[in-house]
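Q: Here it is: the structure, laid out below.
The values are calculated or read from the model by the stated rules, or taken from the named source; none is laboratory data. Treat the numbers as computed from the prediction; the structure is a model and nothing was measured. Ideal geometry is used to build each Cβ from the backbone, glycine not excepted, and the neighbour counts take in all protein chains shown.
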Amino acid sequence: MAVAWTTLTNAQVAAGAAITTALMTALRDNPEGIAQRATGHPKIFGTAYDYQEFTANGTWTKPSNAESGDRVIVHLVGGGGAGQRAGSNADGGGGGGGLFHVFQDIDDLGATAAVTIGAGVGATSSEVSTVGGTTEFGASDADSYVDTTEFLQAFGGSSSGASNGAGGAVSFYNDYFESVGTNGGAGFHGGDAGTAATPEPGADSVFGGGGGGGVDFGSTGGVGGASAWAGRGGRGIDSSGTVAGAIFDGEFPGGGGGAVDSGATGDTVAGAGGDGYCQVWCLREDA
């Protein structure tokens, strides 16, 4: 609910001034008025005045109190790939792509923007090639794959196959950026899965999910990759491990699922990828 900003006079707060309903209401509501950027409030720069988070498909709405020159920060994470369950060389699922993008002027965005959340790949009992779902902010131009200035994408991480799954890529405007690194390489946008070679750790990431840990038949499973802004990858489980109680699913958001050796006990599937999500901050900057 919007809160009005009330300006208090020196007389109202002077020593001996009467305690009135208007005074107490202002003392109660003005901090909220500042947070909401209410009309007439003292401006506080560099602090987010609006935050919207999406874990399911929805619509971002530009705040009614937005001003020209406000910045908008969007963080997207794609869905994580699932780990493989196999008798040998079982690689983990790649972490979902992720990005931070700053719109320097809120006027570059329309009144609303569609948000699509990419789902993580469900746990699997065999080698798969399905990638995690793509998380999107905005809509692409009808005549071009990526054209409009408000369109961002974070692709899901690929599941394991003959080699480890790759971390998800990202794209915005007419540019397309692959995840940095292959075969267990770390990346800004999404960590690759652990390889089928000791120690099979999932790769780390910054904006996207960490890669799922891999398994080489008969060896110790690798740990999941870490992430600064998204979910960690699940651990790989070797044949001597017990699946029950182990964290082999990728963490939300976007972590890649860990691989599971088919000789492990306690379950019949490998780790699932974490679902993606979207965060949007609006903040005011001094001219």
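Q: Any residue that is modelled with pLDDT under 90 and assigned to a strand (DSSP E or B) - is there at least one of those in region 64-76?
A: no
Q: Moving on to the next point. Yes or no: region 176-187 includes at least one residue that is outside any loop (DSSP other than H, G, I, E, B), modelled with pLDDT under 65 and surrounded by fewer than 21 Cβ atoms within 10 Å (Cβ to Cβ).
A: Yes, region 176-187 contains a residue that is outside any loop (DSSP other than H, G, I, E, B), modelled with pLDDT under 65 and surrounded by fewer than 21 Cβ atoms within 10 Å (Cβ to Cβ).
Q: I've got another one for you. Within the group Gly94, Gly120, Gly83, which residue is under 14 Å from the mean Cα position of the chain (by Cα), closer than 30 Å to Ile237 by Cα and part of a loop (DSSP other than H, G, I, E, B)?
A: Result: Gly120 is the single residue among Gly94, Gly120, Gly83 that is under 14 Å from the mean Cα position of the chain (by Cα), closer than 30 Å to Ile237 by Cα and part of a loop (DSSP other than H, G, I, E, B).
Q: While we're on this one: Do we find a residue being modelled with pLDDT of 80 or more and in contact with a helix residue (DSSP H, G or I) (Cβ under 7 Å, 6 or more places away or on another chain) anywhere in region 18-31?
A: Yes; the residues of region 18-31 include at least one that is modelled with pLDDT of 80 or more and in contact with a helix residue (DSSP H, G or I) (Cβ under 7 Å, 6 or more places away or on another chain).
Q: Does Asn57 meet the test of being assigned by TED's automatic domain parsing to the domain that holds Asp275 and either hydroxyl-bearing (Ser, Thr, Tyr) or at pLDDT below 85 (or both)?
A: no
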